[in-house]
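Take a look at the structure set out below.
Rule-based calculations on the coordinates, nothing more; no lab input. Note that the structure is a prediction, hence the values are computed from the model and not measured. Glycine also receives a Cβ, built like all others from the backbone with ideal geometry; neighbour counts cover every protein chain displayed.
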Amino acid sequence: MSQTELLYPYSSVAIAITLFLTMLSFNEIGFQMGRFVQKHTDSAVKTLTGSIQASVLGLLALMLGFTFSMSMQRYDSRSMALIEEANAIGTTL
């Protein structure tokens, strides 16, 4: 059996249900671990965690802004190329 046929004999419904249940169980495990850690940490660590979280969210917002900017530039260049091509076709006829 090759590597590409690993899940081929199983039903897609069974795979989807298994993945969904796995995600739910890992979500619950993470939630319980988070509650345990929150109970056993002091306020200084919670303050540091909040500042780290704020900086990570700031970096995420910056990356998202750059992504939207690059996609808008690409869209504008594609639409300008389309207009130039249409004008070139129109002038040759």
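Annotations for the structure displayed:
- In the calculated pair-distance distribution of region 33-93, the portion above 17 angstrom amounts to 66 percent of the Cα-Cα pairs.
- Just so you know, the Cα atoms of region 1-40 work out to an Rg and Dmax of 16.0, 49 Å.
- Per-residue HN-Hα couplings for region 68-76 [Karplus 6.51, -1.76, 1.60; θ = phi - 60°; Hz; x = Gly/Pro]: 5, 5, 5, 5, 5, 4, 5, 4, 5
- Largest GNM mean-square fluctuation across S12, S71, S25, computed for the chain with C-alpha springs under 10 Å, falls on S12.
- The phi torsions of region 34-50, fed into the Karplus equation with coefficients 6.51, -1.76 and 1.60 and a -60° offset, translate into couplings of x, 5, 5, 5, 5, 5, 9, 10, 8, 6, 5, 5, 5, 5, 5, 5, x Hz, rounded to whole numbers, with Gly and Pro shown as x.
- Within the chain: Cβ-based charge dipole about Cα centre, in debye rounded to nearest 20 (Lys, Arg +1; Asp, Glu -1): 400
- Applying both filters, DSSP loop and at most 11 other Cβ atoms within 10 Å, to the chymotrypsin sites (Phe, Trp or Tyr not before Pro) of region 3-93 gives Y10.
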